[in-house]
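> Here it is: the structure, laid out below.
The values are calculated or read from the model by the stated rules, or taken from the named source; none is laboratory data. This structure is a prediction, so every number in the text was calculated from the model and none was measured. Reconstructed Cβ throughout: ideal geometry from the backbone, glycine too, with neighbour counts over all protein chains shown. Side chains are part of the model used for accessible areas, which takes the heavy atoms of the whole protein and leaves out ligands, DNA and RNA. Shrake-Rupley method; radii C 1.70, N 1.55, O 1.52, S 1.80 Å.
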Amino acid sequence: MPSIESFPTKRGTARFSEDYVYFQESFSGYINSLYRNYWQRGTWWSSTAFVGHLFAYPIGIWWVVSAVYDGNFLHIAALCGLILVLYVVNYARGFRSPDRIRLDTIEQVSATDGIKGITRPRLVVRYTDGGTTYKRRVNLPSLYTSGREAVYEQARESFTERGF
């Protein structure tokens, strides 16, 4: 019987049941994760990072609204076009974001420990669905958070215990 039933992700939690791995991720889960990993640490720089994350969303919305109000649709079109291209490339590479994956359809789980300041630790779960192989990226908490090595090892071990 596996000992690890769940582990934290960037935007929530991954939980295991008898037959599935469930990904409970949301925007509110992301904010909760930021609060837990940055604000509750109590250091000035981590609290500043948390506040910076919170202000980024209203500033982004303000930028879009002001660009539309001023008639700068070219900026909005360029941004939307870039996001669409990145989404299509990711989709063409086989990445999907299902909320649950049957454990018996998982072919491989690869882990990347990330580079501090550049990339974050992540898992890539390769699975089949309807005869087609897809991938699910599972981003883990940042390397700047406390307990980062423990979360990374816990995530790797949870799949290793299940034979992946």
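> In segment 69-83, is there at least one residue being modelled with pLDDT of 90 or more and among the aliphatic types (A, V, I, L, M)?
yes
> Right, something else. Among the residues of segment 122-143, are any at pLDDT below 90, under 23 Å from residue 31 (Cα atoms), surrounded by fewer than 17 Cβ atoms within 10 Å (Cβ to Cβ) and not polar (S, T, N, Q)?
Within segment 122-143, none of the residues are at pLDDT below 90, under 23 Å from residue 31 (Cα atoms), surrounded by fewer than 17 Cβ atoms within 10 Å (Cβ to Cβ) and not polar (S, T, N, Q).
> Looking only at helices (runs of 4 or more DSSP H) that lie completely in segment 1-97, which have at least 2 residues being open to solvent by 100 Å² or more (accessible area, probe 1.4 Å) and aromatic (Phe, Trp, Tyr)?
Because the criterion is at least 2 residues that are open to solvent by 100 Å² or more (accessible area, probe 1.4 Å) and aromatic (Phe, Trp, Tyr), the helices (runs of 4 or more DSSP H) in segment 1-97 that meet it are 44-70, 73-92.
> Quickly run through segment 74-96 and pick out the residues that are farther than 12 Å from residue 129 by Cβ and either charged (D, E, K, R) or in contact (Cβ under 8 Å) with a residue 40 or more places away in the chain (or both).
Answer for segment 74-96, where residues must be farther than 12 Å from residue 129 by Cβ and either charged (D, E, K, R) or in contact (Cβ under 8 Å) with a residue 40 or more places away in the chain (or both): 93, 95.
> Look at residue 103 and say whether it is in contact with a strand residue (DSSP E or B) (Cβ under 7 Å, 6 or more places away or on another chain) and surrounded by 10 or more Cβ atoms within 10 Å (Cβ to Cβ).
Against the criterion (in contact with a strand residue (DSSP E or B) (Cβ under 7 Å, 6 or more places away or on another chain) and surrounded by 10 or more Cβ atoms within 10 Å (Cβ to Cβ)), residue 103 qualifies.
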